[in-house]
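Working notes, beginning with the structure itself.
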Amino acid sequence: MAMRQKEIKKTKTVCTYCGVGCSFEMWTRNRHILKVQPVADAPVNGISTCLKGKFGWDFVNSPQRLTTPLIRENGRFRPASWDEALDLVAQRLKTIATQHGGDSIGFIGSSKGSNEEAYLTQKIARLIFGTNNVDNSSRYCQNPATEGLFRTVGYGGDAGTIEDLQKADLIVIVGSNLAENHPVIASRIKAAQKHHGQKLLVVDPRKHEMAERADLYLRINPGSDSLWASAMSRYMFEHGYADDAFLAEKVNQVEEYRASLADYTLSAVSEQTGLSVEQMTNAAEMIGQAERVCILWAMGITQHSHGADSSTALSNLLLVTGNYGRPGTGGYPMRGHNNVQGASDFGCLSNIYPGYENVTDAAVRKKWAQAWGVAPEALSDRVGSDNYMMIQHAHEGSLKAMYIIGEETAFSDADSTKVHEAFSNLEFMVVQDIFMSRTAAFADVVLPGCPSVEKEGTYVNTERRIQRFYEVMPPLGDSLPDWRILTDIAARLGHAWHYTHPGEIMAEAAQIAEIFAGVDYQHLSGWQSQLWPVKPDGSDTPLLYTDGFKFPDGKAVLWPISCQPPQEAPDEEYDLWLNNGRMLEHFQSTNQTGRGDRMFSLSPNGFVEVSPQLAEARQLQQGDWVSIASRRGTIEVPVIVSDRVAGNVLFMPIHHGKPGVNGLTGEHHDPDVNTPAYKEIAVKMVKLAHP
Ligand code: SF4
């Protein structure tokens, strides 16, 4: 027995699923993952994990893992050596850049990869190709939330820590299925409800678990959140709940904002929101009377054609009531992927360098150019193409090449038929991934990267916490850590960066980007972590806005919005609203949870939730099959009759099927941030005689 135990290796790692950022020990013997062992020292989760973090690791040793580079030849992939594959990638990208310019190439970085890998992705795009065409999957989910925070308070991150959430008197959850998508945070809130009398207000079209647990649940009509939030703000001003001292001292544009609320009385928004004046009054009184309020939101807010405005409206409401800068207050967008926060923080966005430094600012460009050893003119002064624009440009032929790392764009982007056509138009496409994903199937070269347990690096979780993860086992086959692949590509393009460890990449980023100034691997070793912004002495910032807001005069901004209707809504022909979202058992495209029986067997099939009223009207029963058609496509699914949904609103998980929900979604998007309006789909439903 003693001998057997000696063989067991225990390594600290960070969960590779959601943005909560749980860390734990992984116990292994050779490549065999024996168990995930949470430890009390873990700063986010302590001894808690959820189902996926505990059991969702069989993808690591899946026989479907890519273990060698692949090159497409005569329509089929053949194995290739690293030298051959990397030489080909470098030569083709160089040729395309020479012929068509650097802006003819687009890069999509991974929100599952490390911060260091995100940093290198944008460095290759900006420094080597002179383009800001770089993005990550936050475009699909969280950019509207970040935009709302940029407009009002200044930093693109959660206001405080997960621990701070427990200090709130009232938690408001809007458009977030927290119990399934951020389970450990949901557990914290459940505990605060039970032990500290914390109140919970949930606003959502779907009655999910947290709605069932809420002190007050408002079943709002889809796409009307900004109306509700603006009406709440108006109520606060009218009923003496606005924090006048806070507003006078710390906030700009108060009167302009107040004037912009003129039309948003409770009675005026009642019909569009589907909420009675009494329901909204109760909610407003809860918010107004609470000393400390946190608002959590996610894709129920952001994946609409006006998600940035809705996010702004929520942050405005917090400002009006003085709910920033104290523990237990503030805005908390819930980040989805494990490192979607970090991929954005470290510059995989078309308008910013790492640390949210603007590409259009000449002084910023000069600083980065100096640090990278080039003239400022070598760096583009134009905002680049984001994910949405890259697909449009590829579709119309002006984007010639794409380099996609760890993103399942072919399945996860809206209007997947158009995305597939765009990929087919490209002259050259590289995909770096751990599996032959639906996106990789379109590539000319596929490069086998590594999951987190086969490399080192850092992630940033939803609360801005930077944490290290360590190599649990060596890379499988000939696969390589993604930072190594990117370094090798850069060398072939004439930039020998000589990184031998991700810590050196972080050191470089910290030397240049102000908000990471004191971040280093020493401070992050073991279970230690740092929450950005981090000062040069290593001191970090668990709670933002204690000394003012991130604007030149230190004051926040109340940002007037004009509430707009959804760009697509049910009509006579497409008479139902299809909502969609995620499940506890799965993660996004299922490229991880779908690669082994352990998680996938818990929920192998797709379905559509139909309300009891609609089921009765359409004579549908549990298990009947229906076709769901939008203006873009049709899918067939079995019915679950459930009061989680109401009236003419359907719900479908995004994880299953070919093509899945994105065979139905359209190109309409938020014009402020180009996030697809995934949750605005008008559909018709027909009962099928047979599946
Ligand atoms: Fe992983 Fe999120 Fe679950 Fe924590 S809550 S174990 S980070 S999936």
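Quick note: the coordinates plus some simple rules give every number you see, no bench work behind them. Because the structure is a prediction, the values reported are computed rather than measured. Positions of Cβ are generated from backbone atoms using ideal geometry, with glycine treated the same way; all protein chains shown enter the neighbour counts.
When a/c reaches 1.5 or more, the comparison of a/b and b/c decides; with that in mind, is segment 422-536 rounded, prolate or oblate per its Cα gyration tensor? Please list the in-between numbers first.
Numbers: a/c = 1.94, a/b = 1.74, b/c = 1.12.
It is prolate, given that a/c is not under 1.5 and a/b is the larger ratio.
Farthest toward the positive end of the dipole of segment 6-157, out of Pro38, Ala90, Gly75, is the Cα of Pro38, where the dipole comes from beta carbon charges about the Cα centre.
Taking every Cα-Cα distance in segment 491-611 and sorting them into 5 Å bins from zero, the calculated P(r) comes out as 2, 7, 9, 9, 7, 8, 13, 14, 13, 10, 5, 2, 0 percent. Of all DSSP-defined beta bridges confined to the chain, some 50% are antiparallel rather than parallel. Here segment 2-55 is assigned +1 on the Cβ of each Lys and Arg and -1 on the Cβ of each Asp and Glu. Its dipole about the Cα centre then comes out at about 300 debye. Quarter the surface of the alpha carbon convex hull of the chain and you get the mean projected area, 30.2 square nanometres.
Report summary: the helix-based calculation at 222 nm, which adds -39500 (n - 2.57) for every DSSP H run with n ≥ 4 and divides by the residues of the chain, gives -8500 deg cm²/dmol. Computed over segment 576-687, the alpha-carbon pair-distance distribution with 5 angstrom bins reads 2, 12, 21, 23, 19, 14, 7, 2, 0, each value a whole percent.
From the gyration tensor of the Cα coordinates in segment 143-333, what semi-axes in whole Å does the equivalent ellipsoid have, largest first, with each one equal to sqrt(5λ)?
Numbers: eigenvalues 97, 72, 54 Å².
After scaling each eigenvalue by five and taking roots: 22, 19, 16 Å.
With Cβ to Cβ distances under 13 Å as the rule, what net charge do the other residues near Gly657 carry (K, R +1; D, E -1)?
That works out to +1.
Taking Cβ atoms as reference points and 12 Å as the exclusive limit, the residues near Ser311 contribute a net charge of -4, counting Lys and Arg as +1 and Asp and Glu as -1. Net charge dipole, the chain: roughly 1980 debye, given to the nearest 20, about the Cα centre with Cβ charges of +1 for Lys and Arg and -1 for Asp and Glu.
With the convex hull drawn over the C-alpha atoms of segment 255-303, the volume per residue is 123 Å³. Two tests apply to each whole DSSP H helix in the chain, Cα reach of 18 Å or more along its axis and mean Kyte-Doolittle hydropathy of at least -1.0, and the ones passing both are 82-100, 183-196, 225-238, 307-320. With a threshold of 20 Å on the Cα-Cα distance, the over-threshold entries among Lys9/Lys112; Lys366/Lys555; Lys10/Lys35; Lys366/Lys550; Lys9/Lys54 are Lys9/Lys112; Lys366/Lys555; Lys366/Lys550.
So which trypsin sites (Lys or Arg not before Pro) in segment 14-69 are both in a DSSP loop and have at most 16 other Cβ atoms within 10 Å of their Cβ? Could the numbers behind the result be given before it?
Working: sites: Arg29, Arg31, Lys35, Lys52, Lys54, Arg65; in loops: Arg31.
In loop regions of segment 14-69 (DSSP not H, G, I, E or B), the sparsely surrounded trypsin sites (Lys or Arg not before Pro) are Arg31.
For Ile171, neighbours were defined as the other residues whose beta-carbon sits under 12 Å from its Cβ, and their charges (Lys and Arg +1, Asp and Glu -1) total +3.
Taking the convex hull of the alpha carbon positions in segment 2-55 and averaging its projected area over all directions gives 3.9 nm².
About the Cα centre of segment 576-687, what is the dipole size in debye to 20, counting +1 per Lys and Arg Cβ and -1 per Asp and Glu Cβ, all else neutral? Before the final figure, lay out the partial values.
Values: 11 positive and 11 negative charges, 48 e Å.
It comes to approximately 240 debye.
Between Ile405, Met390, Ala369, the Cα set farthest toward the positive side of the dipole of segment 368-412 (charges on each charged residue's Cβ, about the Cα centre) is that of Ala369. When the GluC sites (Glu not before Pro) in segment 254-337 are filtered for DSSP coil states and for at most 15 other beta-carbon atoms within 10 Å of their beta-carbon, the remaining sites are Glu291. A DSSP coil position with no more than 10 other Cβ atoms inside 10 Å describes none of the trypsin sites (Lys or Arg not before Pro) in segment 555-638.
When only Cα pairs under 8 Å and 6 or more residues apart are kept, what is the percent relative contact order across the chain?
Values: 1637 pairs, mean separation 135.8, N = 691.
Relative contact order, the chain: 20 percent.
For segment 2-55, calculate the relative contact order in percent as a whole number, restricting contacts to Cα pairs under 8 Å that are 6 or more residues apart. Let's see the in-between values first.
Numbers: 83 pairs, mean separation 15.1, N = 54.
In percent, rounded to a whole number, it is 28.
The residue list Gly197, Leu170, Leu261 was ranked by how far each Cα lies along the charge dipole of segment 143-333 toward its positive end, using unit charges on Cβ atoms, and Gly197 comes out on top.
Rounded to the nearest 5, the antiparallel percentage of DSSP beta bridges internal to segment 600-691 is 80%. Taking every alpha-carbon pair under 8 Å whose residues sit at least 6 apart, segment 143-333 reaches a relative contact order of 37 percent.
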